[in-house]
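The values are calculated or read from the model by the stated rules, or taken from the named source; none is laboratory data. Small disclaimer: the values here were computed from a predicted structure and weren't measured. Neighbour counts are summed over all protein chains in view; Cβ atoms, including those assigned to glycine, are modelled from backbone coordinates with ideal geometry. We work out accessible area using only protein heavy atoms, side chains counted, and drop any ligands, DNA or RNA first. Shrake-Rupley method; radii C 1.70, N 1.55, O 1.52, S 1.80 Å.
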Amino acid sequence: MINFNGNIVNESNQLSNNRGFLFGDAVFETLRVISNYIPFWEDHYFRLMSSMRIMRFNIPDTFTPSFLHDEILKIHNHNSDLDHGRARISVFRSSSGNYNPESNDISYIIKTSEIHNNNYEFLNNDLRVDLYKDYLIDSQLINRIKSNNKSINVLASIYASENDLDNCILLNKNRMISEFINGNLFLVKDDLIITPNLNSGCLDGVMRKNIIKILHDNNFNVIEVDLKPFEIISANEMFMTNAVQGIQPIKYYRKKIFSNDVTSKLLSLLNTSIN
């Protein structure tokens, strides 16, 4: 039994020994389902496996690509009348113990929600962003995986809401650009497309990886570099990428107003690549 908001209730199976809740001892993967198809599934799967190895989880032999793929679609089709949706698979160390777990065995939870469009599209053409400076991203490997330790992202989201922003740009400890709160960052400057390198502490995003591939395949000039905040002002366009929203153009950064010509072309190329 536990005391939950003043009521003595049974402890749920999802909470019992859930070290993801107790210690942030968990990793997750968020993905898109389009017409019962999971775009870039292999990339999602191998990133999840890599994150689990970094966290030293015991990975069951049953955790094959086909098993997890079917588990995601099973709950997606149970919860949704649509073919399209968002899914999050959370994997946590399910063990007693305090900081030192008694075992490295895992449990998983898959949650889904509906999305009504069957392609990636711009959700808002007037996104406004600024820098978030209160806390800085660490560039260690452990910070580049999708773990449950997202306090900076949460606080940056609250800061954005309090300051009439749609998103914030996170900086690393060298005061270089790392990423957005919920996605990777790209700048378009003349004929060059620029994104922070992985040493910036940014997430090794599945959509980031595939956008870079699409850019190369279509003869765009793209580079991964250390990116200073003042370089934003000289850019023509800025956009964010993540696996659920695809590509989203940024319109405003302080007094700077961006266009989205290249971003629009890239959105079309992305949709073509998954259809």
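Helix 261-274 sits at what angle to the longest principal axis of the chain, using alpha carbons and giving 0 to 90 degrees rounded to 10? Its long axis makes an angle of about 40 degrees. By how many degrees, between 0 and 90 and to the nearest 10, does the Cα long axis of helix 41-54 differ from the longest principal axis of the chain? Taking Cα atoms only, the helix is inclined about 60 degrees. Can you bin segment 87-179 into rounded, prolate or oblate? Criterion: square roots of the alpha carbon gyration tensor eigenvalues sorted a ≥ b ≥ c, rounded for a/c under 1.5, prolate for a/b above b/c, oblate for the rest. Because a/c hits 1.5 or more and a/b fails to exceed b/c, segment 87-179 counts as oblate. Here the ratio of the Cα radius of gyration of segment 4-108 to 2.2 N^0.38 Å is 1.20. Rounded to whole numbers, the Karplus 3J(HN,Hα) couplings from phi for segment 72-83 are 5, 5, 4, 6, 4, 6, 6, 8, 10, 8, 9, 7 Hz, using 6.51 cos²θ - 1.76 cosθ + 1.60 with θ = phi - 60°, and x at Gly and Pro.
Take the Cα of T62, step 7 Å toward its Cβ, do the same at L22, and the gap between the two points is 2.3 nm.
For the chain, with a Gaussian network of springs between Cα atoms less than 10 Å apart, report the residue from K146, K255, K111 with the top mean-square fluctuation. Judging by the Gaussian network model, the answer is K255.
Largest GNM mean-square fluctuation across L141, L123, L198, computed for the chain with C-alpha springs under 10 Å, falls on L123. By accessible area, using a 1.4 Å probe on protein heavy atoms only, the chain has 46% of its surface on carbon and sulfur. Put simply, when 94-105, 72-83 are sorted by average Cβ atoms within 10 angstrom per residue, most first, you get 72-83, 94-105. Computed with a 1.4 Å probe over protein heavy atoms only, the accessible surface of the chain comes to 52 Å² per residue. Each of Y135 and S161 was given a label point 7 Å from its Cα along the Cα-to-Cβ line. The distance between the two points is 1.5 nm.
With θ taken as phi - 60° and the Karplus curve 6.51 cos²θ - 1.76 cosθ + 1.60 applied, the whole-hertz 3J(HN,Hα) list for segment 101-111 is x, 7, 8, 10, 5, 10, 10, 9, 10, 10, 10 Hz, x standing for glycine and proline. Take the Cβ atoms of L15 and S268, set R0 to 41 Å, and the FRET efficiency comes out at 0.40.
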